[in-house]
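Rule-based calculations on the coordinates, nothing more; no lab input. Since the model is a prediction, treat every value here as computed from it, not as a measurement. Cβ placement follows ideal geometry from the backbone for every residue including glycine, while neighbour counts extend to all protein chains displayed.
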Amino acid sequence: MKNKIKNKNQADAIELTPDTPGRSGFNWFPGHMARAVREIKEKVKLVDIVLEIRDARAPLASGNKTMEETLRQKSRLILLNKVNLADPKMIHLWEEWFKKQGEPFLFLDCFDKGSMKKALSMARAIVDQKRRDSNPDTYEPKAKLKLMIIGLPNTGKSTIINQLANRNATKVADRPGQTQVQQWIVIDKDLDLLDTPGVMPPLLAKEEHGLWLSALNAIPDEAMGEERPATFLIEYLKERNSKELKERYKLESLELSVEEILEKIATLRGCVRQKGLPDLERVYKLILIDFRKGDLGKICFGVPPVDN
Ligand SMILES: Nc1nc2c(ncn2[C@@H]2O[C@H](COP(=O)(O)OP(=O)(O)OP(=O)(O)O)[C@@H](O)[C@H]2O)c(=O)[nH]1
Ligand SMILES: [Mg+2]
């Protein structure tokens, strides 16, 4: 089955289905995600606030517009995680943009205790304010807080829970799709957290977003393959005159073509097959590993939209 184009306005949108073997490769929406969406919709009623975790390196593309309707009924705090891997200049621009949107948000590195404390106190303040607004006469401060954590795969939801719990309460791994079932984590008498499986939007706004999310490891390599995100990254870094790209792979110049750069990396790292041919599959893997560790520099994909 071909990937469907929905309508004229979404000409560059790709539909994800559980089993579409689409040529674009943006077809990762395994069965557990459809179930996860249903369960999020059910459980959202039980919590005081939703923490939506995004990747600071793609602040909009790592959101999920199809969850907006569900979230409208709840308070939401957007946490843009892994800011330590993102370009600080771009983060500054994104912060300005988010401020204008008027919704609470925080860019953070969840391994930083201070940021996690701030996130939790922001969540408490939002819930308190809402309780006060809805019952101004009978309002009494209540300590108990129930949080649901949602977001795209591998954005750090379970890690955030473990940071808040101060223990390994839920399993984390650097691969998308680690959490497959919901799990309540009781932190103390005042705080319950609901961990949920990462969910992809069933429709990506732009084909390029698939490459970004794949580079960020929100879409697994088995679904997208390594070649497209890896060559995209080289192109992207080359265009931005990345000194990290040049230094990491000891390139004499960034004027080289992508193919030439791939070959240089192959030679440098000994990714060579019989008869001296470059083993490009290994090179692609290596580029993705280096990028995801931050060894190719602090990067953001996309720029804040220009609001009318
Ligand atoms: N550098 C950095 N890495 C992070 C941060 N937060 C999480 N990670 C890493 O991101 C990876 C994924 O973390 P998880 O907590 O398992 O992600 P998840 O969102 O629960 O993923 P799913 O369960 O697959 O949806 C792990 O390797 C974490 O160590 C962060 O703030 N900075
Ligand atoms: Mg998880």
Would you calculate a helix-derived [θ] at 222 nm for the chain, using -39,500 (n - 2.57) for each DSSP H run of n ≥ 4 and dividing by the full residue count, to the nearest 500?
-12000 deg cm²/dmol
For the stretch 226-293, count all C-alpha to C-alpha pairs, find those more than 18 Å apart, and express that count as a whole percent of the total.
28
When only DSSP loop residues count, what GluC sites (Glu not before Pro) in the stretch 218-267 have their Cβ near at most 12 other Cβ atoms within 10 Å?
E252, E255
Taking every DSSP beta bridge that has both residues in the stretch 8-203, what percent is antiparallel when rounded to the nearest 5?
25
I want to verify a result. In a Gaussian network model of the chain, Cα cutoff 10 Å, which of these has the top mean-square fluctuation: L152, L46, L106?
L46
Just to be sure I follow: if Rg is taken over the C-alpha atoms of the chain and Rh is the Kirkwood radius over the same atoms, what is Rg/Rh?
1.00
At 37 °C and a viscosity of 0.692 mPa s, what translational diffusion coefficient does Stokes-Einstein give for the stretch 176-247, taking Rh as the Kirkwood radius over Cα pairs? Give it in µm²/s as a whole number.
220
Could you let me know the centre-to-centre spacing of the stretch 41-110 and the stretch 187-228, using Cα atoms, in angstrom?
13
Nothing charged except the Cβ atoms of Lys and Arg (+1) and of Asp and Glu (-1): what's the magnitude of the dipole of the chain about its Cα centre? Round to the nearest 20 debye.
640
Only bridges with both residues in the stretch 145-252 count here: give the DSSP antiparallel percent, nearest 5.
50
Going out from 0 in 5 Å bins, what whole percent of all Cα-Cα distances in the stretch 58-209 drops into each bin?
2, 8, 16, 21, 22, 16, 10, 4, 1, 0, 0
I'd like to know how the stretch 110-194 sits against the 2.2 N^0.38 Å rule of thumb: what's its Cα Rg over that expected value?
1.22
Let me know the whole percent of all Cα-Cα pairs from the stretch 92-148 that are separated by more than 18 Å.
50
Can you compute the FRET efficiency between K275 and K146 using 1/(1 + (r/R0)^6), with r the Cβ-Cβ distance and R0 = 35 Å? Round to the nearest 0.05.
0.05
R0 of 51 Å, Cβ-Cβ distance D188-R240: FRET efficiency to nearest 0.05:
0.65
Please state the Cα pair-distance histogram of the stretch 170-308 with 5 angstrom bins from zero: what percent is in each bin?
2, 9, 16, 17, 16, 13, 10, 8, 5, 3, 2, 1, 0, 0
